[in-house]
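Undergrad: Questions regarding the structure given below will be posed in turn.
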Amino acid sequence: MRNIDIPPIWLLGAAFLAWLQSRFFTLNLSLKSWFTDLISGLLIGGGIVLVGLAIAEFRRFKTTVMPHQTPTSMIQTGIFKRSRNPIYLGDVLILTGLILWFDAVLSLVLIPVFVWILERRFILPEEDRLRRTFRADFARYERETRRWI
């Protein structure tokens, strides 16, 4: 079960719900315009870039990217200087972009729900593992680097 309890699965599920809502339950609400198409493309692209930059740092440090495993290194360089959770931030950007792309106005409520799921299921347990494993280094990193942005 832990192998499928990963953020991309949650992202796909939320995106699928948004797509379903845009197809079958619109209530004639729409934000569709060239501007929302532009914003959605920028959000999706920005999210993909963030995820890519973070994964590159994981590879450079030869540590796990899997959320339920204990890392062998604590990454504080690259994109991790700006955000403690760039992959999760990227996932939120991608979901927001997809919701706008699908014109799923009612699904905008999924964004805070998705953030809550990420924090409870992944971020808080990961930070606990980092805190136990890297103690003073993580405490310093936590003070200097914000969780999201």
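Undergrad: Could you tell me which of the residues I117, I94, I123, I111 is β-branched (V, I, T), closer than 16 Å to W10 by Cα and buried (at least 22 other Cβ atoms within 10 Å of the Cβ)?
TA: Among I117, I94, I123, I111, only I94 is β-branched (V, I, T), closer than 16 Å to W10 by Cα and buried (at least 22 other Cβ atoms within 10 Å of the Cβ).
Undergrad: Return the only residue of N85, N3 being closer than 30 Å to D137 by Cβ and modelled with pLDDT of 95 or more.
TA: N85
Undergrad: If you go through segment 38-54, how many residues are loosely packed, with under 15 Cβ neighbours inside 10 Å and in contact with a helix residue (DSSP H, G or I) (Cβ under 9 Å, 6 or more places away or on another chain)?
TA: Total satisfying the criteria: 6.
Undergrad: Right, something else. What about T72, is it part of a loop (DSSP other than H, G, I, E, B), over 20 Å from I4 (Cα atoms) and of a type outside the set (D, E, K, R)?
TA: Against the criterion (part of a loop (DSSP other than H, G, I, E, B), over 20 Å from I4 (Cα atoms) and of a type outside the set (D, E, K, R)), T72 qualifies.
Undergrad: A further question on this structure: Name every residue in segment 77-86 that is surrounded by fewer than 23 Cβ atoms within 10 Å (Cβ to Cβ) and either within 15 Å of V49 (Cβ to Cβ) or hydrophobic (A, V, I, L, M, F, W, C) (or both), in order of residue number.
TA: G78, I79, F80, R82, S83
Undergrad: Just the residues that are at pLDDT 95 or above, of a type outside the set (A, V, I, L, M, F, W, C) and either touching a strand residue (DSSP E or B) at 6+ places or on another chain (Cβ under 6 Å) or surrounded by 12 or more Cβ atoms within 10 Å (Cβ to Cβ) (or both), please, taken from segment 13-29.
TA: Residues satisfying the conditions are G13, Q21, S22.
Undergrad: Can I ask one more? When T70 is evaluated against the numbered criteria (1) more than 15 Å from V49 (Cα to Cα); (2) modelled with pLDDT of 95 or more, which criterion, by number, is the only one it fails?
TA: The failed condition is (2).
The values are calculated or read from the model by the stated rules, or taken from the named source; none is laboratory data. Just so we're clear, the structure is a prediction, and the values are computed from it rather than from any experiment. All Cβ positions, even for glycine, are placed from backbone atoms using ideal geometry, and neighbour counts span all protein chains on display.
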